[in-house]
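First up is the structure itself, then whatever we jot down about it.
What follows is calculated from the coordinates using simple rules that are stated; it is not laboratory data. Just so it is clear, the structure is predicted and the values come from calculations on it, not from any experiment. Neighbour counts run over all protein chains shown; Cβ positions are idealised from the backbone, glycine included.
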Amino acid sequence: MRKEQALPLILFIALLILPFAVKGYAVYLLYMVFLYIVLAESWNIIGGYAGQVCLGMGAFFGLGAYIAAVLSFNCFPPPLSIFIGGCTAALLGVIIFPTFRLRGVYFAIGTLFLPDIIKVIILNLEVTGGAKGFFLPLTFALDITHWYIAALILASITVLFAFKMSNSRIGLVFKAIRDDEDASESCGINPFKYKILAMMLASFLSGLAGGIYAHQMLFLEPHGTFKLMWSIGPVFMCIIGGVGSIIGPIIGAGIFTALSLWLVTLVGEVDLIVMGVILIVVILTMPGGIFGALNKRVKLKLS
């Protein structure tokens with residue numbers, strides 16, 4: 001086994017063992033980091049590789065959460081419920097195909113209101129509990145270690161998938177569309193079809209993350225489940241860490257988790273203002289994100 005293959009495996013095993021040695025809030029924080037990694041890497045597929053800035057990823061996360069919770073409440077096994085939640089989120093990603101006729105800022109605006117649309121539907125459905133929220137029975141109350149492991153496995157699969165995809169033919173097609181959509185179309189590529197594929201993959205992974213989140217929380221409330229942070233957070237993580245890379249979203253997820261510990265103490269929408277200021281600073285000083293800046297510095301030292 002080569003060194004570059006052994007290191008991720010050793011890290012995975014170490015993280016797998018960690019919750020049995022460390023207890024308390026640290027395990028929960030790492031659990032959230034893993035969920036954020038899934039959300040960031042999934043946005044990176046549609047935004048970093050395919051070049052489509054989607055501002056509505058919270059819709060897929062929230063829909064996956066609600067579908068998984070409702071199915072588990074109706075006696076479906078949690079793993080199956082979470083998988084179906086992901087598939088339903090992917091279906092939503094396909095249903096919004098008309099937005100892929102839009103480009104640039106128009107596409108971003110077209111997806112921005114998607115979480116609010118799904119939230120209104122959830123609010124008016126009796127099966128989801130409406131505005132009162134949806135409770136899962138305490139029989140689903142498992143120790144955080146169980147959901148830590150589930151989130152770790154999902155994050156690991158997501159990162160591995162993103163790595164394999166970025167070096168595959170599909171990944172190259174996504175990058176071609178990102179760099180010049182018209183030129184890629186003149187080469188025989190169907191941008192519309194591949195945009196739908198990118199969105200379907202990204203929304204499926206986000207839906208799975210939502211399903212795990214729902215089972216860990218045991219309670220879903222529309223305003224919290226579809227809040228703006230679930231849509232803006234993945235964008236923030238990718239830009240801070242480095243868009244279009246594998247490591248960048250992981251770095252961004254760690255920073256976002258640490259930042260959230262402080263932002264939660266702020267009142268109102270001040271947290272969004274702080275995130276906006278940080279984004280502007282990073283974009284101006286490190287256009288390629290933290291990973292891009294570090295990578296550039298290493299290359300300069302080696303040259």
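Under 17 Å from a point 7 Å along the Cα-to-Cβ line of L279: which residues of the range 19-47 have their amide N that close? Once the point is set 7 Å along Cα→Cβ of L279, 39-47 turn out to lie under 17 Å by backbone N, inside the range 19-47. Note on the chain: dipole from Cβ charges, positive end direction compared against G292, G129, P79; the farthest Cα belongs to G292. Per residue, the Cα convex hull of the range 116-203 amounts to 145 Å³.
Residues I17, I240, I144, arranged from fewest to most other Cβ atoms within 10 angstrom of their Cβ, appear as I17, I144, I240. Annotation: extensible slack from D182 through A26 equals 51.4 nm (criterion: 0.36 nm per residue apart, minus Cα-Cα distance). The distance between label points at K299 and F135 comes to 5.6 nm (points 7 Å beyond Cα on the Cα→Cβ vector). Looking at the range 75-133, the trypsin sites (Lys or Arg not before Pro) that sit in a DSSP loop and have at most 16 other Cβ atoms within 10 Å of their own Cβ are R103.
Between the listed residues C54, F161, I212, the Cα displaced farthest toward the positive end of the dipole of the range 3-225, a dipole computed from Cβ unit charges relative to the Cα centre, is found at F161.
Each residue, Y106 and I10, gets one label point 7 Å from its Cα in the Cβ direction; the gap between the two is 5.2 nm. When Rg/Rh (Cα atoms, Kirkwood Rh) is calculated for this entry, the matching label among (1) 0.96; (2) 1.44; (3) 0.99 is (1).
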